[in-house]
Every structure is written in structure tokens, then in C-alpha cells.
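For reference, the structure is listed below as C-alpha cells.
Please treat every number below as a calculation from the coordinates, not as lab data. Small disclaimer: the values here were computed from a predicted structure and weren't measured. Note that each Cβ is placed from the backbone with ideal geometry, even for glycine, and that neighbours are counted across all protein chains shown.
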2 protein chains.
Amino acid sequence: MKQYIEQNRDRFLEELFSLIRIPSISSEADHKPDMLRCAERWKELLLEAGADRAEVMPTDGNPVVYGEKIVDPSKPTVLVYGHYDVMPVAPLDLWRTDPFEPVVKDGRIWARGADDDKGQSFMHAKAFEYMVRTGNLACNVKFMLEGEEEIGSGSLYSFCEKNKGLLKADIILVSDTSMIAPDVPSITSGLRGLCYWDVEVTGPDHDLHSGLFGGAVANPINVLCKMIADLHDENGHITIPGFYDDVLVLSDEERALMAQAPFDEEQYKRDLGVRALHGEKGFSTKERTGIRPCLDVCGIWGGHTGEGSKTVLPSKAYAKISTRLVANQDFEKISKLFQEHFEAAAPDCVTVKVTPSHGGAAYVAPLELKAYKAAERAMQDTYGRRPVPTRSGGSIPIIAGFEKILGLKSILMGFGLSTDDIHAPNENYPLEQFFKGIETIPLFYKYFAE
Amino acid sequence: MKQYIEQNRDRFLEELFSLIRIPSISSEADHKPDMLRCAERWKELLLEAGADRAEVMPTDGNPVVYGEKIVDPSKPTVLVYGHYDVMPVAPLDLWRTDPFEPVVKDGRIWARGADDDKGQSFMHAKAFEYMVRTGNLACNVKFMLEGEEEIGSGSLYSFCEKNKGLLKADIILVSDTSMIAPDVPSITSGLRGLCYWDVEVTGPDHDLHSGLFGGAVANPINVLCKMIADLHDENGHITIPGFYDDVLVLSDEERALMAQAPFDEEQYKRDLGVRALHGEKGFSTKERTGIRPCLDVCGIWGGHTGEGSKTVLPSKAYAKISTRLVANQDFEKISKLFQEHFEAAAPDCVTVKVTPSHGGAAYVAPLELKAYKAAERAMQDTYGRRPVPTRSGGSIPIIAGFEKILGLKSILMGFGLSTDDIHAPNENYPLEQFFKGIETIPLFYKYFAE
């Protein structure tokens with residue numbers, strides 16, 4: 001394998017660069033033609049790598065590239081998911097090189113999409129090529145590359161609904177996350193879900209003079225603050241009745257394994273510029289973001305927010321409130337729970353309106369899953385160390401969507417590093433991670449087929 | 001008296017209109033020449049009314065008109081305070097008549113300043129004229145008319161400091177407030193003071209992804225809400241230690257007298273569009289705004305306040321917080337109390353900065369004051385009913401300033417009505433209130449000199 005990579009190293013990079021050079025920014029309408037060009041290029045590359053068939057399939061938005069090689073229907077099938085769209089590049093003046101003309105320097109590829117997700121998804125194409133050419137393809141393979149990941153995967157849900165048969169597989173394999181460090185391999189075993197609400201508190205039906213009415217009429221800002229404060233108790237627990245009912249409680253063993261991930265709390269605090277951390281009692285910082293739900297106000301406003309000191313008792317106050325959910329919490333159930341609780345908690349002196357905004361379920365890959373174990377063994381082989389399962393605090397709603405629509409678990413075996421500056425200027429991807437990813441993937445297939 | 005008014009009625013109105021026709025809007029720089037013209041016109045009118053001397057006295061801002069008639073140094077001296085500046089008139093299209101061309105219709109004078117305060121202050125000039133011409137001037141009289149009341153009386157404080165001798169008097173008499181109704185006379189016996197602060201809560205030193213960090217890092221909006229909620233207890237009391245220490249507690253008798261003011265709580269709620277009122281336990285609505293301090297958030301903001309649902313854990317949250325103070329509370333002491341309390345209440349995970357914005361003391365005229373009793377008797381004579389003492393929830397900081405600088409109490413004997421639309425389009429002043437004011441004022445002088 002290492003020899004194959006060595007021999008084809010420059011070609012691999014040139015092929016990847018041909019994808020990177022297409023500025024497939026999904027959020028900018030000007031780049032619509034680039035989306036199609038990029039999808040077409042992926043199709044070519046899949047066919048060259050050894051796919052039996054590959055297609056650019058239309059959706060309501062950007063097309064999906066589908067490719068497959070079915071070696072033996074009795075073998076397990078791996079569905080590789082990735083995305084060919086990238087984030088915008090502004091502010092351009094902060095880039096040290098042209099974002100769409102990849103440069104290799106200091107052992108890294110510098111370009112938009114170098115990691116997220118052209119670099120990472122292309123590892124799968126080259127690992128696939130290796131397995132095909134060497135006769136080592138232990139599983140059937142399907143590729144699904146979308147063009148809207150950076151804008152919410154809007155069209156992919158219905159694409160999956162419509163193509164359940166085509167997408168039939170045993171596991172989804174994704175490289176679109178990062179690992180702890182080059183010498184600390186890890187696998188993202190969970191993502192949090194999300195619920196988001198817009199909240200409006202109305203007191204009097206017009207703004208009042210705070211002197212003439214202050215003290216006699218409920219101030220909707222004060223009321224909103226109290227209602228928000230009451231959403232947590234003194235231990236940092238969320239007080240919405242039933243909120244924790246479905247939360248998956250981790251075994252001591254899994255918590256112990258998670259705790260092995262190196263974490264420097266002092267450094268973490270320094271990076272954030274805070275003197276102290278704050279969260280739910282009884283859980284570590286990593287657990288607070290990884291395996292426990294949380295509730296944050298993402299925005300609040302009301303009354304006079306400009307300069308000076310207008311003395312107003314405003315009619316309305318607003319907030320945007322979100323929770324992050326963990327495994328087994330149903331986001332639609334939580335959405336309703338919050339809405340009912342918050343509206344019922346309103347005192348008589350105000351009217352409270354809660355509008356659910358959007359949400360998505362959490363996702364977790366059980367560590368006993370055969371595919372998880374296969375990924376673990378594959379990374380252990382190449383990195384020489386058992387990868388740590390990590391729970392990301394963030395959300396990738398489409399991963400939970402795959403589980404719901406296709407009934408498939410995903411393995412988030414990412415090779416990115418925190419220094420890759422994805423979504424930021426000077427995105428980069430270490431060559432070592434790129435080639436080690438290509439080396440690791442065939443091992444996953446091998447162990448998964450065993 | 002009634003006969004004198006009847007005989008001079010048209011002249012009184014024409015003289016008042018000559019003041020009203022000068023658009024003395026203090027907040028608009030274009031009207032600077034009008035300020036001087038209006039002050040000069042007042043000087044003429046004071047001299048015509050019988051003043052021994054009258055002057056337009058410069059200040060750092062708009063001039064002060066001073067006039068006096070000293071009949072006998074052994075008699076008490078009344079200092080009449082009023083203002084010749086008016087509020088802006090925008091939006092002009094909502095006015096049914098030209099704001100600076102007074103029209104008499106439906107028994108009211110329609111114009112900017114008809115009530116506030118040209119109409120009300122000019123009653124004093126005509127009452128003075130009557131007393132001079134009929135040989136009934138029972139007190140020495142001094143007039144002080146400023147041109148910056150609508151923009152905060154900025155220059156009047158130092159004017160008073162510099163002219164303490166000139167302004168020596170026994171009482172200040174002011175008509176710049178309103179009474180409950182034409183058949184329910186009242187005297188404003190108190191005004192609340194004010195303290196205002198800008199508050200900034202800082203969590204992490206940059207905005208964070210609410211998924212990756214939510215639950216592990218304190219959210220400054222959540223913290224600010226909790227800190228604001230904690231400023232009141234479950235009975236609506238303010239929890240700042242020492243906040244109520246100096247609050248003047250009213251006698252049962254005074255509370256009973258205040259309670260006589262007619263007040264329709266259902267109508268009050270309908271006017272505000274609220275189902276329920278809310279305030280400090282143990283006090284009526286009128287008491288809550290009149291004799292009790294309160295704390296309101298006048299503005300709050302932080303995080304994402306635009307459209308959509310950005311998932312951010314913001315670095316900062318802000319609020320503008322004000323209290324209304326009552327008699328005996330020292331606004332500088334309260335300002336410091338709040339600042340220290342709020343900063344000390346900050347949990348370790350955030351930094352809280354409190355910046356005092358501005359403030360002013362409360363004012364109260366004790367009902368036992370000879371001048372208060374004189375005003376009470378005067379109004380009882382003309383309105384046929386004992387006036388009710390009312391405590392306004394609002395603040396007129398210069399009134400407390402007079403007490404501090406000149407050592408003088410003020411009697412707020414206003415003849416305005418709530419329907420006069422001061423500060424709004426179609427300001428008006430009932431002729432009946434104008435003439436009844438002129439009739440009442442000499443009775444005040446008579447009873448005050450007794």
C-alpha cells in the first residue's frame with residue numbers, strides 16, 4: 001500500500017488539485033456553473049478510479065455525484081459520503097496564496113477545500129482505486145458526493161428519500177471531521193442535535209415612559225431575563241420538565257475511554273480568555289459538550305440599544321434560544337416541550353410567543369458497532385495507537401437524517417486537524433494526513449468485511 | 001378677579017400668542033435666534049405686567065429671563081420658575097393646525113407650547129399683573145424662565161450657582177405639570193429621581209460556535225439574564241443590599257390622602273393592553289409609581305439579533321438598567337451601591353463592567369409645608385374641592401437641583417390635563433384651565449403671605 005502511494009503520489013495530488021481549482025462555492029449564486037463542473041470532474045475521477053458506473057444526478061439544488069462498484073452482492077456495502085462544495089473565501093486579503101490554486105508548502109496543501117471536504121473525500125477515491133487495482137476490494141462500494149453541505153444539505157434529504165434502493169448499504173463512511181492530533185488518533189462517535197426557537201415577550205402594547213409606569217407595569221425585558229434564568233437550576237441543569245428523560249446515559253467504561261483524550265483545561269481557558277469554566281455539575285468539560293445537552297441564548301434584544309440613556313419601558317423583548325441535544329433525545333419532542341414549558345411559564349402580566357425555528361437529531365455511533373470497531377482497528381494499524389472516541393458538541397443534521405431516512409449508521413473517520421483552518425483563510429491539509437487517510441481506508445474495508 | 005380676567009381676556013390671549021408664535025425649539029440649532037427673540041419678548045411682557053426690572057441674562061447656553069418686583073423686603077418672596085423653550089414639532093403632517101400659529105377651537109388653544117410651558121408659565125405673568133394693578137401683591141415676586149428645560153436644563157444649574165443672591169426666595173412656584181381632571185384638582189407633591197447604568201458582561205474573548213462550546217463555557221447572555229433576574233425577589237422587592245435604607249416611608253394619613261385620587265385599574269390595564277399589572281407587593285399601582293423606587297431594564301442586546309438562526313455563543317452581552325428613586329434616596333449613593341453590587345455579583349466565568357450614565361435625586365414637597373397648604377387652599381377655592389397630592393413617577397432633575405443649590409422647595413401647581421398632548425402633535429390647553437390658573441395663583445400668594 002505504502003509503495004502504491006509512493007509511486008502515484010504526484011498523480012494523486014494533481015487529480016485532487018483539479019477538483020480544488022474549481023471554485024465550487026455553494027453559497028454564492030455566481031458559482032452555479034462551477035458546481036456542475038465540479039460534479040462532472042468527480043464523475044470522471046470515480047470512473048478512472050475504477051467505478052463500474054458514475055452519474056451526475058440532478059436534485060432541486062446542486063447535483064449529487066453517485067458512483068458504485070458492486071463486486072459481490074453477498075459482500076457488505078460501504079456508502080462513502082462526502083461533499084464537493086466549499087465555503088466562501090472572503091476576506092481574500094488574509095490569504096497568503098490563491099485559495100483556488102493549491103500550493104504545497106511546509107508539508108501541507110494550501111487551498112480552499114484542501115481539507116473540507118475535497119481533500120478528505122478524495123482520499124476515499126484513491127483508496128478505492130488502490131483496492132480495485134490490486135484486487136483487494138473487500139466490500140461493494142457506493143459513492144455519494146453532494147454539493148450543498150455548506151448550506152445545510154437542503155436537497156439531499158429528498159434525494160435520499162427518492163433513492164433509497166440505490167443507496168442501500170451496510171454503513172456510511174465519512175471523512176469530514178478532525179482527529180485530536182497527528183499522534184492522537186480519534187473517531188467522532190457522536191454529534192449533538194439542535195433545537196432553535198425565536199421567543200417574543202410582549203408587555204404593554206406600546207412603549208412606555210419608564211418613569212411614569214416603572215414599578216407598576218411588568219417590563220418584558222425583566223420578565224424575559226427571569227424566564228431565561230429559570231431555565232437552569234443552581235447546578236447548571238436545565239429545568240424544563242422531561243428534558244432529560246430520553247438522554248442516553250453513557251457507561252462508566254465509555255466515559256473512561258473518552259477521558260483518555262488529552263485535554264489541557266488551563267490551555268482551553270487561555271484560548272477562550274476566561275478565568276473559569278461553567279457548566280453542568282458532575283460532568284467534565286469534554287462531557288459537557290460531548291454527551292450532555294445544553295441550552296444557550298444565541299441572541300437577545302429589546303428596548304433602547306443605541307447610544308445614550310433613553311428611559312423606556314419597552315413593549316417587547318426578544319430572544320433566540322437554542323439547545324444542543326444528545327443521543328436518544330427526539331428534537332421534535334424537545335421542541336414541543338420547550339415551547340409548551342416556556343409559554344406556560346409566562347406570568348399573567350405578559351404574553352409569550354415561541355416560534356420553533358429549526359432542529360435536527362443528535363447522532364451517536366455505538367462503540368460496539370462492527371463498523372466502529374473496523375475503523376478503530378484500521379486507525380490503530382496506521383497510527384500505532386487505539387483511537388479515542390470523541391463526541392463533538394456540534395451538529396451535522398444530515399448524519400442523523402441518513403439514519404432516519406436510510407436506516408444507516410455513519411462512521412465519522414476524519415483525518416483533519418484543528419490547525420487546518422477550515423471555513424477560514426489559509427485552509428490547509430497536511431500531506432501526511434492525506435496519505436495516511438488513503439492508507440487507512442482499505443484497512444477499514446478489510447476489517448468491516450471480516 | 002373674574003371680572004378682571006373677563007375684561008382682559010382677549011389681550012391675555014394675544015400676548016400669550018405672541019410668545020407661542022416664536023418657534024423656540026431648544027433642541028434644533030436652526031432655532032437659536034428664536035430662543036433669544038422669545039427671551040426678549042418675555043422680558044417685555046414681564047415689564048408690561050409690572051416688574052420693576054427684567055433682564056435677559058446670558059448663560060453657557062440659552063439665556064435666562066429674570067424679572068422681579070420687590071414690594072417689601074419683610075414679605076415672603078415667591079420665585080416663579082418656567083421655561084420658554086418647546087419640544088420639536090415633527091411629524092408635521094399629524095398636526096391639524098400650524099403648530100406656531102395658535103388657534104382657539106372647541107374651548108382650547110391649539111399650538112406647540114400652548115400648555116408646555118408657555119401657556120402655563122404665562123398664567124403667572126397675568127396673575128402677577130392683576131395683583132400689581134389691583135394693589136394686591138402680597139409677596140415679593142421673582143421670575144426665572146429658562147430656555148433649556150426640554151433638553152435637560154444644562155445651563156440652569158450653573159446659573160443658579162452663580163446667582164444664589166439674586167434668586168433668594170422662600171419658595172419656588174412652578175406650573176409645568178398636570179392635574180388629574182378638571183373636576184379633580186391635584187398637586188404634584190413628589191417626583192422620582194433616576195439612576196441609569198450601562199452594563200457589559202464579557203464571557204469568552206471572542207464569539208464561539210454554540211455547538212462546540214455550548215454547555216462548557218458560560219454564555220454572557222444567560223449570565224446577564226440571571227444577574228438581572230436576581231435584582232428582584234419574588235415579592236418584587238429590589239435585592240441590592242441597602243437599596244431601601246433611605247426610602248422615605250409615608251404616613252398612613254398621606255397614603256390615605258393619595259388613595260383618594262380616582263383611579264380606574266381596569267381602564268388603566270385596557271389603555272396599556274395588559275391582562276395584569278405587576279409590581280412590589282404591599283403597594284397599590286399609584287404607590288408603586290409614586291412613592292416606591294423601581295428598577296427597569298431599558299435596553300438589552302447581545303449575540304445574533306438579525307434574521308435566521310445563527311448558532312453563536314457570544315463574547316458579550318449588554319444592558320441599560322435604570323432605577324427610579326424616591327425621596328431621601330441619594331442618587332450618587334445608589335449609583336455606587338448598584339455598581340458595586342452588580343460587579344460583585346458576577347460569577348467567575350464572566351467579567352462585568354458597570355458604567356454609571358446619569359442620575360438625579362427625587363423630590364418631595366411635604367404636605368405640611370406652608371407653601372403646599374397655600375396651594376391647596378388656593379385650588380380648593382377655585383375648584384371647590386381639596387386637591388389630591390399626587391406623586392409623579394417621572395423625574396424633573398432641576399427641581400431637586402433647586403433644592404440642592406438654592407435650598408428651596410418647589411410647589412408643582414400645574415394646570416395641565418392629560419389630554420393636552422404635550423410633546424406630541426396637536427398640543428393644546430383648555431381656555432378654562434388657563435383662566436382658572438390665573439385666578440388661582442393670586443390666592444396662593446395671599447395664603448402664603450398670611
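Within the set of other residues whose C-beta is less than 11 Å from the C-beta of A:HIS237, count the net charge using Lys and Arg as +1 and Asp and Glu as -1. Kindly include the intermediate steps, with their values, before the conclusion.
Numbers: positive: A:LYS281, A:ARG292; negative: A:ASP233, A:GLU234, A:GLU280.
So the environment of A:HIS237 carries a net charge of -1.
What is the Cα radius of gyration of segment B:199-276 over 2.2 N^0.38 Å, N being its residue count? Mind dumping the intermediate values first?
Details: Rg = 21.2 Å, N = 78, 2.2 N^0.38 = 11.5 Å.
My calculation over the Cα atoms of segment B:199-276 gives 1.84.
Determine the calculated [θ] at 222 nm for chain B from helices alone, applying -39500 (n - 2.57) to every DSSP H run no shorter than 4 residues and normalising by the residue count; nearest 500 deg cm²/dmol.
-10500 deg cm²/dmol
How many Cβ atoms of partner chains, on average, are near each residue of B:186-192 if near means within 10 Å of its Cβ? All intermediate terms of the calculation are to be shown ahead of the outcome.
Numbers: counts 0, 0, 0, 0, 0, 1, 4.
Averaged over the peptide's residues, the number is 1.
Identify, among B:GLY119, B:ASN8, B:SER251, the residue whose Cα sits farthest towards the positive end of the charge dipole of the protein assembly as shown, taking +1 on the Cβ of Lys and Arg and -1 on the Cβ of Asp and Glu, with the dipole about the Cα centre.
Farthest towards the positive end: B:SER251.
Across bins of 10 angstrom width beginning at 0, how are the C-alpha pair distances of segment A:1-50 distributed, in whole percent?
Going from the shortest bin to the longest, the percentages are 24, 42, 24, 9, 1.
Percentage of Cα-Cα pair distances in the protein assembly as shown greater than 43 Å, rounded to whole percent?
On the way: 197550 of 404550 pairs.
Beyond 43 Å sits 49 percent of the P(r) for the protein assembly as shown.
Taking a label point 7 Å out from Cα toward Cβ, give me the nm distances from B:LYS404 to the same spot in the other copies, shortest first, one decimal.
In nanometres, ordered from closest: 6.1.
Considering only Cα-Cα distances, which of the following residue pairs are longer than 28 Å: B:LYS75/B:LYS286; A:LYS75/A:LYS164; A:LYS226/A:LYS333; B:LYS373/B:LYS436; B:LYS118/B:LYS404; B:LYS162/B:LYS409?
On the way: B:LYS75/B:LYS286 38 Å; A:LYS75/A:LYS164 19 Å; A:LYS226/A:LYS333 24 Å; B:LYS373/B:LYS436 18 Å; B:LYS118/B:LYS404 26 Å; B:LYS162/B:LYS409 19 Å.
Violating the 28 Å limit, Cα to Cα: B:LYS75/B:LYS286.
Put a label point 7 Å from Cα along the Cβ direction on A:LEU47, then list its distances to the equivalent points in the other copies in nm, shortest first.
Ordered by distance, the counterparts are at 10.3 nm.
Can you put B:PHE12, A:PHE159 in order of Cβ neighbours within 10 angstrom, beginning with the fewest? Kindly include the intermediate steps, with their values, before the conclusion.
Details: B:PHE12 21, A:PHE159 24.
Listed from fewest to most nearby Cβ atoms, that is B:PHE12, A:PHE159.
When chain A is modelled as a GNM with alpha-carbon springs shorter than 10 Å, which of A:GLY414, A:GLY437, A:GLY236 fluctuates the most?
Maximum fluctuation in the GNM of chain A, among the listed residues, is at A:GLY236.
Taking Cα atoms, how many degrees apart are the long axis of helix A:220-229 and the longest axis of chain A, rounded to 10 and kept between 0 and 90?
Roughly 50 degrees between the two axes.
Please compute the average number of Cβ atoms from other chains found within 10 Å of each residue's Cβ in peptide B:177-184. It would help to have the intermediate numbers written out before the result.
Working: counts 0, 0, 0, 0, 0, 0, 0, 0.
Rounded to a whole number, the mean comes out at 0.
Give me the tail of P(r) for segment A:142-216 as a percent: Cα-Cα pairs with distance above 21 Å. Show your work: numbers first, answer last.
Details: 1701 of 2775 pairs.
Beyond 21 Å sits 61 percent of the P(r) for segment A:142-216.
Report the percentage of all Cα-Cα pairs in segment B:211-359 whose separation exceeds 26 Å, rounded to a whole percent. Don't jump to the answer; show the numbers that get you there.
Details: 4538 of 11026 pairs.
Tail fraction, whole percent: 41.
Scaled to the compact-protein estimate 2.2 N^0.38 Å, what is the alpha-carbon radius of gyration of chain B, rounded to two decimal places? Don't skip to the answer; put the middle values down first.
On the way: Rg = 24.5 Å, N = 450, 2.2 N^0.38 = 22.4 Å.
Computed over Cα atoms of chain B, the ratio equals 1.09.
For segment A:403-450, list log₁₀ I(q)/I(0) at each q in 0.29, 0.30 Å⁻¹, using the Debye formula over Cα point scatterers of equal strength and ignoring solvent, two decimals each.
Evaluating at q = 0.29, 0.30 Å⁻¹ gives log10 I(q)/I(0) of -1.04, -1.07.
How large is the Kirkwood hydrodynamic radius of segment B:30-106, in angstrom, based on all distinct alpha carbon pairs?
About 15.1 Å for segment B:30-106.
For chain B, can you list the cysteines whose C-beta has no other cysteine C-beta under 4.7 Å from it?
For chain B, the answer is B:CYS38, B:CYS139, B:CYS160, B:CYS195, B:CYS294, B:CYS298, B:CYS349, because their Cβ atoms have no other cysteine Cβ under 4.7 Å.
Hey, what angle do you get for helix A:431-449 against the long axis of chain A, alpha-carbon based, 0 to 90 degrees rounded to 10?
With both axes taken from Cα atoms, the answer is about 80 degrees.
Relative to the first principal axis of the alpha-carbon coordinates of chain A, what is the inclination of helix A:370-383, with its axis defined by its Cα atoms, in degrees from 0 to 90 and to the nearest 10?
70 degrees
If we count other beta carbons within 10 Å of each Cβ, what is the order of A:CYS298, B:CYS225, B:CYS294, fewest first?
Numbers: A:CYS298 25, B:CYS225 31, B:CYS294 28.
In increasing order of surrounding Cβ atoms, one gets A:CYS298, B:CYS294, B:CYS225.
Which of A:PRO293, A:PRO99, A:PRO241 moves the most in a Gaussian network model of chain A with Cα springs under 10 Å?
Residue with maximal mean-square fluctuation among A:PRO293, A:PRO99, A:PRO241: A:PRO241.
Which of A:ASP116, B:ASP381, A:ASP34, A:ASP348 has the fewest other C-beta atoms within 10 Å, and how do the rest follow up to the most? Write out the running numbers ahead of the final one.
Values: A:ASP116 27, B:ASP381 14, A:ASP34 22, A:ASP348 11.
Least to most surrounded, the residues fall as A:ASP348, B:ASP381, A:ASP34, A:ASP116.
Using the 7 Å Cα-to-Cβ label point, sort the distances from B:GLY242 to its equivalents in the other copies shortest first and give them in nm to one decimal.
Sorted ascending, the copy-to-copy spacings read 4.8 nm.
Take the Cα atoms of segment B:151-261, find their three principal axes, and give me the spread along each one in whole Å, biggest first.
That works out to 67, 41, 31 Å along the principal axes.
Suppose we take every Cα in segment B:84-217 and form the convex hull; what volume per residue is that in Å³? Working shown, then result.
Values: hull volume 38.2 nm³, N = 134.
Hull volume over Cα atoms, normalised by residue count, gives 285 Å³.
Kirkwood Rh over alpha-carbon pairs of segment A:24-73, then Stokes-Einstein at 4 °C and 1.567 mPa s: what D in µm² s⁻¹, rounded to an integer? Provide the component values of the computation, followed by the final result.
On the way: Rh = 11.7 Å.
Once the numbers are plugged in, D ends up at 111 µm²/s.
Two decimals is fine: what is log10 I(q)/I(0) at q = 0.09, 0.10 Å⁻¹ for segment A:1-141, from a Debye sum with one equal scatterer on every Cα and no solvent?
-0.30, -0.36
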